Amino acid sequence: MAEYLLIIVTAIFVNNILLAQFLGICPFLGVSNKLSTATGMSGAVCFVITLATVVTWLINKYLLVRFDIVYLQTIAFILVIAALVQMVEIVLKKVSPSLYQALGIFLPLITTNCAVLGVALSVVQKDMPLGQATVYAFATSIGWGLAMILFAGLREQLAGNDVPKAFKGLPIALITAGIMALAFLGFTGIGN
């Protein structure tokens, strides 16, 4: 149990995939203007990362390794992720049309979100058992979502503040992201 708790805390805070490993930056900057959109995107990414990791782990273990075709790993993983994103897109379109519209082009871009592929490949490279892989994937996606939601909240606050003209928009967003990354560095000693 302690091992799983360590995986969760480390994945969310210490090795945050977004702020420490810099994976998933495109939607981080593109969808973080509104808190509601960032929350929806975080939920979708959480679902896709967790499910994609489980499915790719199973495909890798029982198909790619078994038939010695591990060299197809990246292609197979990308195909699985693309199929899962299509599934999420269909469900969101029916369940929450407003969120579907708000996410716009960024929803299909989850397919190319390097965080999703990065987690799937990381789990396989670390040779984690399925239980640990699932917990790691879920915790990593929660960490990504936490960073995304915190950043969106900060960006909403910044929009209402008097920011110098040279820093308006993306420059202040990047400065804020850098400060957030530094803040998350404070958790570094927890995992040791």
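The values are calculated or read from the model by the stated rules, or taken from the named source; none is laboratory data. From a predicted model like this one, the values you see are computed outputs, not experimental measurements. Cβ: placed from backbone, ideal geometry, glycine included. Neighbour counts: every protein chain shown. Accessible surface areas use protein heavy atoms only, side chains included; no ligands, DNA or RNA. Shrake-Rupley method; radii C 1.70, N 1.55, O 1.52, S 1.80 Å.
Figures for the structure shown
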| read-out | value |
| --- | --- |
| Hits among lysines - C-alpha to C-alpha of residue 126 under 24 Å, sequence gap 8 or more where chains match | 61 |
| Semi-axes of the equivalent ellipsoid for the stretch 1-67, Cα gyration tensor, largest first, Å | 26, 18, 12 |
| Kyte-Doolittle at least 1.6, axis length at least 24 Å by Cα - qualifying DSSP helices, the chain | 35-59, 73-95 |
| Convex hull volume of the chain per residue (C-alpha atoms, cubic angstrom) | 121 Å³ |
| Accessible area (Å², per residue) of the stretch 1-62, counting only protein heavy atoms and a probe of 1.4 Å | 44 Å² |
| Sulfur and carbon atoms: percent of accessible area, the chain [1.4 Å] | 70 percent |
| Rg/Rg_globular for the stretch 137-192, with Rg_globular taken as 2.2 N^0.38 Å and Rg from C-alpha atoms | 1.33 |
| Sorted largest first, extent of the stretch 44-140 alpha carbons per principal axis (Å) | 44, 24, 19 |
| Trypsin sites (Lys or Arg not before Pro) within the stretch 62-159: DSSP coil, no more than 14 neighbouring Cβ in 10 Å | 66, 126 |
| Chymotrypsin sites (Phe, Trp or Tyr not before Pro) restricted to the stretch 7-111 and DSSP loop, no more than 13 other C-beta within 10 Å | 67 |
| Mean residue ellipticity (222 nm) of the chain, computed from DSSP H runs ≥ 4 via -39,500 (n - 2.57), nearest 500 | -22000 deg cm²/dmol |
| Solvent exposure of the stretch 86-166 as accessible area per residue, Å², 1.4 Å probe | 52 Å² |
